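Down below is the structure, laid out as structure tokens.
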Amino acid sequence: MKERRTNRTARRREGGSRGGAAALAFLAWIGLSLDLANPGKQQIVLNLLASLHGFDMLRLLLLPGLYFLFRKAAEARPDGRRRIRAVPACFFALNMVLGSAFERERSWDMLRGFGNGQALKAAAVFLGWSAVFYALLTLLSAALDRAGTEPGRKTAAPGSHRKGFRPLERYARVLREHPFTVSFLTLLLFYIPRFAAAYPAMFMGDTWSMVAQGYSELGMTGVSYLSPDRILRSGVYINQHHPAVYTLLLHLFLRVGQVLFGSLNPGIFLFCLLQAAVITASLAYAVSALSARGAGPRTLIPLILYAALHPHIRDFLFLVTKDGLYTASFVTLGSALFILRAGKGRGRDRVLLCAAAAGMILLRNEGKFIVPLAGLLTAWADRKNRKAILAFTAAAAVFCLAVFRGLFPALGYTKGGTQEILSVPLQQTGRVVRDHSAELSAGEREAIDRVLVYDRLAEEYNPETSDQVKDLFRQESTGAELADYLRVWAGLVLKYPDTCLQATYGNYYQYLYPGKTRLDYYTFGWSAWMCECANEQLEGLGDSFSLPEWNRRLRFISDSLVDAGLFNLPPFSILMTPALYNWTLIWMLFRVLEKKRSRKRPDMLALLIPALLVFLVLFMGPMNAYYSRYMLPLTAFLPFLACMLRTLVEEPGADPGGSGRRGKETAGQAVIFGGE
């Protein structure tokens with residue numbers, strides 16, 4: 001009798017679970033089927049009815065998929081706190097609503113209105129996406145917790161294992177023995193066609209500027225806002241709009257090419273070869289760091305293929321811009337930090353950590369803020385190693401001061417423009433002037449006009465980039481005038497908070513909304529045009545760059561594949577969607593925060609903090625996510641970072657992805673991909 005009663009209770013619970021999942025699936029399905037655009041109806045019910053799509057087979061098939069998702073999520077029992085998991089789910093859902101509005105109208109005004117039902121409709125879509133994302137994160141967390149706590153397979157007896165594809169087995173064996181060398185050579189093998197097609201280099205908008213700065217005989221600063229009569233020292237045209245170290249290194253190779261070969265082409269080709277080798281070596285070092293911790297071929301080979309085939313990474317190997325070497329420094333810093341935190345580091349890894357930190361500081365202007373700030377935040381999170389971390393941070397700060405306040409001014413290198421760090425306030429000012437110019441007082445207009453060309457602000461304002469507004473910055477404005485402007489701007493934020501928020505979100509929403517935006521790709525056709533533009537600017541040099549005929553066919557084939565829609569294929573379109581990387585990073589952070597009792601949480605936060613700071617810097621730059629350069633550090637390193645966080649707390653020698661270098665497959669506890 002008792003058993004029957006238990007069975008009936010279990011059946012009722014199962015029936016209730018099924019009914020709840022069906023109801024939730026139907027409500028979420030309705031929410032996701034609503035069109036956020038205003039159909040012009042003034043009544044709530046009519047608006048909702050007009051916003052529903054008609055029959056659509058794909059949407060119909062979505063309903064059973066949602067039911068299955070919610071059923072499985074109800075059965076899952078992941079570790080961690082549910083409330084923390086709800087935060088990223090709601091954040092992702094909010095961006096699905098706001099991002100959709102901005103992609104259509106560059107504003108969230110279409111979501112306003114209670115009487116016409118628009119706000120209610122936006123809330124329904126938000127709740128639908130929140131439920132979907134919460135269920136997805138619950139399933140992922142449960143699956144990865146199980147993966148981290150289930151015992152590994154027993155090591156097979158010698159000669160008893162099944163034989164697979166022999167070349168792959170041999171490759172895996174050699175990879176375990178020599179992870180850096182094998183991964184480096186493998187990546188080079190994949191990259192060689194790119195090298196051949198790109199010879200002598202790939203040019204972009206900043207290339208000519210950096211080249212021109214090195215040749216003082218041209219008398220050009222290479223940037224529009226800095227006239228030659230405003231340089232720090234006569235005859236020295238190098239300025240810090242672009243990293244001076246990158247400019248000098250490029251100039252050194254160009255001079256070598258001219259002296260040894262009588263042409264700019266060999267010099268810039270050798271420079272690009274060095275850049276590509278450094279980027280490749282940084283990726284190979286990340287592979288070797290994971291291998292040292294016990295990751296095996298089943299983890300390492302997919303990472304190598306990711307780095308070898310990702311269009312965004314390949315695109316920057318031969319592109320003459322600082323982002324490639326900056327990304328190499330970032331990847332090296334993260335890998336060295338991981339191997340040292342894992343207790344496997346040696347003196348070489350400490351040297352690489354310091355060199356990578358210096359590279360980040362010298363190769364992008366934000367690097368001198370990211371490295372010291374990362375040190376301070378890590379010291380706050382890790383009490384045990386606080387003194388050592390603060391000593392490293394102090395050394396980084398002293399290095400920054402010595403270079404940017406001592407060495408560069410002494411060499412006569414002019415500072416970059418002040419407007420470069422004011423993207424957010426300038427963009428907000430531009431939108432306020434566009435939308436509320438008649439409401440501003442004479443004093444507010446005068447304060448703005450002393451810093452920006454007020455009469456052109458409304459016309460030049462672009463919702464998706466602040467470059468046009470920054471171009472209106474008056475370089476002759478004084479510190480006092482800038483301070484007055486910032487006070488006026490702060491008043492405008494308080495006076496028009498909605499307008500200012502829309503200005504900022506509109507400038508950056510593509511980083512958080514996985515809509516139609518894909519990472520921009522530098523084609524060879526664009527490079528050829530930029531090469532011609534560079535030659536026009538460098539005409540007084542008596543030398544020029546040229547693109548050879550022997551690789552024209554390779555360039556044509558590559559661009560033809562891109563034009564034909566290669567990146568529209570699902571694997572590539574996913575890889576080229578910037579918001580997915582940022583969402584993954586946010587989810588990784590909350591996975592770490594879920595593990596409140598983990599002994600390794602300070603180590604995991606130490607790995608996450610530099611990546612999070614790079615992510616946050618995206619929201620202080622001038623461009624939206626379609627401009628791909630700023631996303632390169634995250635696209636290159638994020639899969640490696642995920643695997644590092646997984647292996648960080650496993651037993652030494654444990655292998656999350658196949659037999660490690662010690663041949664063991666012991667159980668481990670993965671905190672990102674498995675729970676402690």
Could you pull out the residue among Asn568, Asn582 that is within 30 Å of Ser141 (Cα to Cα), surrounded by fewer than 17 Cβ atoms within 10 Å (Cβ to Cβ) and not aliphatic (A, V, I, L, M)?
Asn568
Taking segment 601-630 only, how many residues are in contact (Cβ under 8 Å) with a residue 12 or more places away in the chain, assigned to a helix (DSSP H, G or I) and closer than 18 Å to Ser466 by Cβ?
7
In segment 484-531, residue nearest to Ala442 (Cα to Cα) [restricted to those that are open to solvent by less than 40 Å² (accessible area, probe 1.4 Å), in a helix (DSSP H, G or I) and hydrophobic (A, V, I, L, M, F, W, C)]:
Val488
Output yes when any residue across segment 201-215 is in contact (Cβ under 8 Å) with a residue 40 or more places away in the chain, more than 30 Å from Ser558 (Cα to Cα) and not in a loop (DSSP other than H, G, I, E, B), and no when none is.
yes
Filter pass, Gly347 being out of contact with any His (no Cβ under 8 Å at 6 or more places or on another chain), closer than 22 Å to Ile389 by Cα, free of Cβ contacts under 8 Å to residues at least 40 places away in the same chain and small (Gly, Ala, Ser)
yes
If I filter segment 321-335 for residues that are open to solvent by 30 Å² or more (accessible area, probe 1.4 Å), of a type outside the set (Gly, Ala, Ser), part of a helix (DSSP H, G or I) and in contact (Cβ under 8 Å) with a residue 24 or more places away in the chain, do I get at least one hit?
no
Candidate set: segment 216-246, residues that are aliphatic (A, V, I, L, M) and within 27 Å of Ser329 (Cβ to Cβ); chosen: the one surrounded by the most Cβ atoms within 10 Å (Cβ to Cβ):
Ile238
Of the residues in segment 89-110, those that are without any contact (Cβ under 8 Å) to a residue 60 or more places away in the chain and surrounded by 21 or more Cβ atoms within 10 Å (Cβ to Cβ) come to Ala89, Ala93
Hey, among Asp559, Asp543, Asp563, which residue is touching a Leu at 6+ places or on another chain (Cβ under 7 Å) and of a type in the set (D, E, K, R)?
Asp543
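Conditions tested, residue by residue: (1) over 23 Å from Pro311 (Cα atoms); (2) touching a helix residue (DSSP H, G or I) at 6+ places or on another chain (Cβ under 7 Å); (3) surrounded by fewer than 21 Cβ atoms within 10 Å (Cβ to Cβ).
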site	(1), (2), (3)
Asp559	no, yes, yes
Ser573	no, yes, yes
Pro578	no, yes, no
Pro610	yes, yes, no
Phe619	yes, yes, yes
Met631	no, yes, no
Yes or no: segment 288-299 includes at least one residue that is aliphatic (A, V, I, L, M), at pLDDT below 95 and either outside any helix (DSSP H, G or I) or open to solvent by less than 30 Å² (accessible area, probe 1.4 Å) (or both).
yes
Has segment 192-204 got any residue that is more than 26 Å from Cys531 (Cα to Cα), open to solvent by 50 Å² or more (accessible area, probe 1.4 Å) and at pLDDT 95 or above?
no
Has segment 631-653 got at least one residue that is at pLDDT below 85 and part of a helix (DSSP H, G or I)?
no
Give the residues of segment 398-423 that are open to solvent by less than 40 Å² (accessible area, probe 1.4 Å) and in a helix (DSSP H, G or I), sorted by residue number.
Cys400, Val403, Phe404, Gly406, Phe408, Gln419, Ser423
Residue check, Gly113 against (1) open to solvent by less than 40 Å² (accessible area, probe 1.4 Å); (2) of a type outside the set (Ser, Thr, Tyr); (3) modelled with pLDDT of 90 or more, all met but one. Which one?
(3)
Does Thr523 satisfy the criteria of being in contact (Cβ under 8 Å) with a residue 60 or more places away in the chain and β-branched (Val, Ile, Thr)?
no
Consider only pairs whose beta carbons are under 9 Å apart and that are at least six residues apart or on different chains; among these, list those whose first residue lies in segment 50-65 and is under 16 Å from Ala23 (Cα atoms) and whose second residue is open to solvent by 80 Å² or more (accessible area, probe 1.4 Å).
Leu63/Phe26
Which of the residues that make up segment 252-286 are open to solvent by less than 50 Å² (accessible area, probe 1.4 Å) and within 30 Å of Thr647 (Cβ to Cβ)?
Gln275, Ala276, Ala277, Ile279, Thr280, Ala281, Ser282, Leu283, Ala284, Tyr285, Ala286
Would you mind finding the one in Glu476, Glu446 that is modelled with pLDDT of 95 or more and closer than 29 Å to Ser227 by Cβ?
Glu446
When you scan segment 158-169, do you find a residue that is within 30 Å of Thr332 (Cβ to Cβ), open to solvent by less than 30 Å² (accessible area, probe 1.4 Å), modelled with pLDDT under 95 and within 34 Å of the chain's Cα centre (by Cα), even just one?
no
Positions within segment 208-235 being β-branched (Val, Ile, Thr) and within 14 Å of Leu541 (Cα to Cα), in sequence order:
Val211
Might you check whether a residue that is open to solvent by 20 Å² or more (accessible area, probe 1.4 Å) and closer than 14 Å to Phe640 by Cβ occurs anywhere in segment 303-316?
yes
So is Leu249 open to solvent by 30 Å² or more (accessible area, probe 1.4 Å), over 27 Å from Glu217 (Cα atoms) and at pLDDT 95 or above or not?
no
When segment 371-396 is checked residue by residue, the ones that are open to solvent by less than 40 Å² (accessible area, probe 1.4 Å) and in a helix (DSSP H, G or I) are Val371, Pro372, Ala374, Gly375, Thr378, Ala379, Ala381, Ile389, Thr393, Ala396
Within segment 41-88, restricting attention to residues that are open to solvent by less than 80 Å² (accessible area, probe 1.4 Å) and closer than 23 Å to Lys516 by Cβ, which residue is modelled with the highest pLDDT?
Pro88
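The values are calculated or read from the model by the stated rules, or taken from the named source; none is laboratory data. The structure presented is a predicted model; accordingly, all values stated were derived computationally and were not measured. All Cβ positions, even for glycine, are placed from backbone atoms using ideal geometry, and neighbour counts span all protein chains on display. Areas reflect the complete protein model, heavy atoms only, side chains present, ligands, DNA and RNA absent. Shrake-Rupley method; radii C 1.70, N 1.55, O 1.52, S 1.80 Å.
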